[in-house]
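Below you'll find the structure, written out as structure tokens, and then a few comments.
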Amino acid sequence: MGPLALPAWLQPRYRKNAYLFIYYLIQFCGHSWIFTNMTVRFFSFGKDSMVDTFYAIGLVMRLCQSVSLLELLHIYVGIESNHLLPRFLQLTERIIILFVVITSQEEVQGKYVVCVLFIFWNLLDMVRYTYSMLSVIGISYAVLTWLSQTLWMPIYPLCVLAEAFAIYQSLPYFESFGTYSTKLPFDLSIYFPYVLKIYLMMLFIGMYFTYSHLYSERRDILGIFPIKKKKM
């Protein structure tokens with residue numbers, strides 16, 4: 001008698017897909033809650049809701065972004081097919097802006113740019129996680145595929161501009177309070193505003209690299225749509 005076959009749900013491929021589905025579902029729910037909360041608050045309180053966006057949904061946003069670091073592990077161990085470096089650059093951008101720039105400076109948390117940035121991030125993530133979640137279970141919609149591979153084209157550059165503006169607005173506070181600036185042995189010191197200015201330049205270099213990768217990925221997934229010529 002041959003070896004007994006494992007039930008389908010015990011096979012490694014199905015366990016991997018089940019794990020990824022749950023992960024994408026959790027992220028989708030988290031980002032959907034953030035976006036819905038921001039929308040309801042805006043229609044209820046108008047522009048006043050933008051000032052305290054971080055206080056209302058900052059905790060959930062930080063949780064979602066922290067959990068998203070698992071995606072680097074997914075790619076590294078091979079359970080998610082993606083390139084590590086572009087995803088690392090995207091996640092690093094958000095972690096630095098959210099935790100280092102915004103969370104550390106209370107004065108920045110009330111700026112309008114924080115609300116704008118959260119809207120952009122959540123729009124991209126809701127579509128991306130919906131597409132990934134359905135793809136794992138073998139469901140594909142042409143419109144959703146096109147949207148997931150196209151929405152980032154206008155929004156991602158706007159995200160980078162908003163991130164750069166958030167850094168620019170935070171510089172006076174880092175200069176005044178000396179946050180993260182420290183003295184080192186041998187008369188050396190780290191002046192953190194200089195570090196942020198250097199990162200500001202690197203942000204746009206990283207954007208070019210990430211944009212090129214995403215565009216190449218979009219071309220591979222969607223292909224080139226042939227244009228039908230009219231018969232004369």
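The values are calculated or read from the model by the stated rules, or taken from the named source; none is laboratory data. What you see is a predicted model, and the numbers here were worked out from it, not measured in a lab. Counting neighbours? That spans all protein chains shown, and the Cβs are built from the backbone with ideal geometry, glycine included. Side chains included, ligands, DNA and RNA excluded: accessible areas come from the protein's heavy atoms. Shrake-Rupley method; radii C 1.70, N 1.55, O 1.52, S 1.80 Å.
Quick rundown of the values:
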| item | result |
| --- | --- |
| Qualifying positions in the range 158-202 - within 17 Å of Ile95 (Cα to Cα), out of contact with any helix residue (DSSP H, G or I) (no Cβ under 6 Å at 6 or more places or on another chain) and of a type in the set (D, E, K, R) | Lys197 |
| Test: Leu158 is at pLDDT below 90 and either within 30 Å of Asn17 (Cα to Cα) or surrounded by fewer than 16 Cβ atoms within 10 Å (Cβ to Cβ) (or both) | no |
| Which numbered condition Leu147 misses (of (1) aliphatic (A, V, I, L, M); (2) under 21 Å from Met207 (Cα atoms); (3) surrounded by 17 or more Cβ atoms within 10 Å (Cβ to Cβ)) | (3) |
| Test: residue in the range 93-105 that is more than 30 Å from Ser176 (Cβ to Cβ), surrounded by fewer than 20 Cβ atoms within 10 Å (Cβ to Cβ) and touching a residue at least 24 places away in the same chain (Cβ under 8 Å) | no |
| Candidate set from the range 38-62 (those that are exposed (fewer than 13 other Cβ atoms within 10 Å of the Cβ) and of a type in the set (A, V, I, L, M)); member that is farthest from Phe99 (Cα to Cα) | Val40 |
| Of all residues in the range 171-209 being in contact with a Lys or Arg (Cβ under 9 Å, 6 or more places away or on another chain) and closer than 20 Å to Val101 by Cβ, the one that is most open to solvent (accessible area, probe 1.4 Å) | Ile190 |
| The listed residue being modelled with pLDDT under 90 and closer than 26 Å to Gln105 by Cα, out of Gly30, Gly58, Gly2, Gly46 | Gly46 |
| Unmet criterion (only one of (1) touching a residue at least 60 places away in the same chain (Cβ under 8 Å); (2) open to solvent by less than 60 Å² (accessible area, probe 1.4 Å); (3) assigned to a helix (DSSP H, G or I)) for Ile79 | (3) |
